[in-house]
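The values are calculated or read from the model by the stated rules, or taken from the named source; none is laboratory data. Please read these numbers as outputs of a predicted model, since none were measured by experiment. Cβ: placed from backbone, ideal geometry, glycine included. Neighbour counts: every protein chain shown. With ligands, DNA and RNA removed, areas are computed over all heavy atoms of the protein, side chains included. Shrake-Rupley method; radii C 1.70, N 1.55, O 1.52, S 1.80 Å.
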Amino acid sequence: MKPFQYHQPTEILFGRGRLNEVGHVVSRFGCRCLLVTVPDAPEFRGLFGRVRDLVTAAGVAVSHFDGAIPNPTTEVVGRGARMARDFQADVVLGLGGGSSMDTAKAVAVEATHPGTVWDYLFFRESQPTPKTLPVVAVTTTSGTGSHVTQVAVVTNPAEKNKSAVFHPLIFPRASVVDPELMMTMPAGVTASTGFDVFAHAFESYINPNGSPYTDMMALEALAIVAKSLPAVVRNGRDAEARERMAWADTLAGLCIANSGVTLPHGIGMAVGGFYPHVAHGQALAAVYPAILRYSYQTVPAKFAAVGRLFDRRIAGVRGLKAAVMSCAVLERFLKRIGMDLSLGRLRVPKEELEALALQSLVLPDYRNHPKVATLKDVVKILEESH
Ligand code: NAD
């Protein structure tokens, strides 16, 4: 068997109703908590106030930073970090989708270190130290897996660059995954975040850094996505399918924390950095079909294994033919969940594809793709995706 190592320090509290334990969980890590969320809105149905009350009832003082935004920026993190310092927070609670949880992680770094979070990106010499505040995460999407990863994705609009802090100190100490919180996600957010789960599991599975452990979890996550994602997009009140998607999100997050992502995420991050109005899952969905066609010949058996989870008719087919069929099956799946997008539809200007291609090769993710892309390859993928 392939030698591997696996690391996961986050305590996971999974299940319906587990949100009720959040106060006790937070109180184990501090007594002054900065709660990080997006601005309150009717669709959250009082969730933020409820969490604030639960944490306060556990004897923890709470200050609420409600300035997180989708694709959080350095400016947003700066404001959150100032608030954490002024309040003398000793624990940060990220409540929401990946954007809120990543903001919480980034605030935990910036509030305790000189400079800004941008000075602590994964490739910089300066890295977070143990002064970093402990983070607790409560996820409301399924999702980014951020509740179990050591990653905080941040966008610097001045540089049109979306990059990440990647450090074991920002693994949430504990995460609450309560599928009841995901019931309020609209169909569009459900589909977009659900496709991110697919992408994490798929890219972990085809990643040369994968292991028998992550492969096992990735295939389970993909099997769940195949069945349950169309079900929750159709009916957001399907509690069992929501629960299964929350589990798939968690499994896929555990995968990427150990194997990492590949070319689609490299390109998707570049799209998000250039065009912050594009949701992370949308950026991925727009480029996936072209990347599948570009890649299937390199790892045909893996493509076939994934394709069989999405369409049983591939079961009796072998070799390259099964891999080709898998590409078509996955493209049809995107259509089924309403994510058959193109870069053109997402208002990405054609004239900027070359610059976008260059930016796609800045993060190291593309080097972990089974077929390592050149600039020319990426331009072609982007053109096909437009
Ligand atoms: P998000 O956090 O940006 O949320 C998307 C929208 O859905 C927002 O408007 C939000 O308010 C709303 N929303 C969230 N939960 C809801 C609910 N339960 N009911 C109603 N509305 C709800 O979306 P996301 O996809 O979870 O996060 C995307 C961010 O996470 C991106 O910046 C992406 O790059 C990053 N990301 C991080 C990691 C990681 O490991 N840290 C991995 C993948 C992606």
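Of the candidates Ser360, Ser342, the single residue that is of a type in the set (S, T, N, Q), surrounded by fewer than 21 Cβ atoms within 10 Å (Cβ to Cβ) and modelled with pLDDT of 95 or more is Ser342. Set side by side, the residues Leu47, Leu13, Leu35, Leu54 differ, and just one is farther than 20 Å from Ser163 by Cα and within 12 Å of the ligand (Cβ to nearest atom), which is Leu47.
Filtering the stretch 62-93 to residues that are open to solvent by less than 40 Å² (accessible area, probe 1.4 Å) and free of Cβ contacts under 8 Å to residues at least 40 places away in the same chain leaves Val62, Ser63, Gly67, Ala68, Val76, Gly78, Ala81. Picking from residues in the stretch 201-210 that are part of a loop (DSSP other than H, G, I, E, B) and open to solvent by less than 10 Å² (accessible area, probe 1.4 Å), the one that is nearest to Leu251 (Cα to Cα) is Gly210.
Scanning the stretch 363-376 for residues that are part of a helix (DSSP H, G or I) and either among the hydroxyl-bearing types (Ser, Thr, Tyr) or surrounded by fewer than 18 Cβ atoms within 10 Å (Cβ to Cβ) (or both) turns up Pro364, Tyr366, Arg367, Leu375, Lys376.
Of the residues making up the stretch 106-126, those that are in a loop (DSSP other than H, G, I, E, B), open to solvent by less than 30 Å² (accessible area, probe 1.4 Å) and within 15 Å of the ligand (Cβ to nearest atom) number 1. Just checking, does the stretch 232-241 include any residue being of a type in the set (Gly, Ala, Ser), at pLDDT below 95 and open to solvent by 10 Å² or more (accessible area, probe 1.4 Å)? No: zero hits. Thr129 satisfies every condition listed in (1) touching a Pro at 6+ places or on another chain (Cβ under 6 Å); (2) more than 8 Å from the ligand (Cβ to nearest atom); (3) open to solvent by 20 Å² or more (accessible area, probe 1.4 Å) except (1). If the condition is being among the small types (Gly, Ala, Ser), part of a loop (DSSP other than H, G, I, E, B) and open to solvent by 30 Å² or more (accessible area, probe 1.4 Å), then the stretch 14-46 contributes only Gly46.
Residues in the stretch 164-175 that are within 11 Å of the ligand (Cβ to nearest atom) and either part of a helix (DSSP H, G or I) or among the acidic types (Asp, Glu) (or both): 1 in all. Determine if the stretch 176-192 includes at least one residue that is near the ligand (Cβ under 10 Å from one of its atoms) and touching a Cys at 6+ places or on another chain (Cβ under 9 Å). No, that holds for no residue. Residues considered: Val271, Val233, Val197. Of these, the only one that is within 11 Å of the ligand (Cβ to nearest atom), over 19 Å from Ile12 (Cβ atoms) and β-branched (Val, Ile, Thr) is Val271.
Each residue in the stretch 344-386 was checked for being within 30 Å of Arg124 (Cβ to Cβ) and within 20 Å of the chain's Cα centre (by Cα), and 11 of them qualify. Remark: pairs (first residue in the stretch 172-184, under 19 Å from Val91 (Cα atoms); second residue of a type in the set (Gly, Ala, Ser) and more than 7 Å from the ligand (Cβ to nearest atom); Cβ separation under 6 Å; 6+ apart in sequence or on different chains) = Pro172/Ala137; Ser175/Ala137; Val177/Ala246. Checked against the criteria, Asp102 counts as touching a Pro at 6+ places or on another chain (Cβ under 8 Å), part of a helix (DSSP H, G or I), charged (D, E, K, R) and open to solvent by 10 Å² or more (accessible area, probe 1.4 Å). Restricting attention to the stretch 334-356, the residues that are touching a residue at least 60 places away in the same chain (Cβ under 8 Å) and either polar (S, T, N, Q) or more than 16 Å from Glu203 (Cβ to Cβ) (or both) add up to 11. Of the residues examined, Arg50 is not one that is open to solvent by 30 Å² or more (accessible area, probe 1.4 Å), under 30 Å from Glu159 (Cα atoms) and among the basic types (Lys, Arg). Residue check: Lys227 meets all listed conditions (1) open to solvent by 10 Å² or more (accessible area, probe 1.4 Å); (2) touching a residue at least 24 places away in the same chain (Cβ under 8 Å); (3) part of a helix (DSSP H, G or I) but one, namely (2). Only one of the listed residues (Glu240, Glu220) is more than 15 Å from the ligand (Cβ to nearest atom), assigned to a helix (DSSP H, G or I) and farther than 29 Å from Gly23 by Cα. That residue is Glu220. Here is the figure for the stretch 146-163: residues that are in a helix (DSSP H, G or I) and more than 7 Å from the ligand (Cβ to nearest atom) total 5. The single condition among (1) within 26 Å of Phe44 (Cα to Cα); (2) more than 8 Å from the ligand (Cβ to nearest atom) that Gly97 does not meet is (2).
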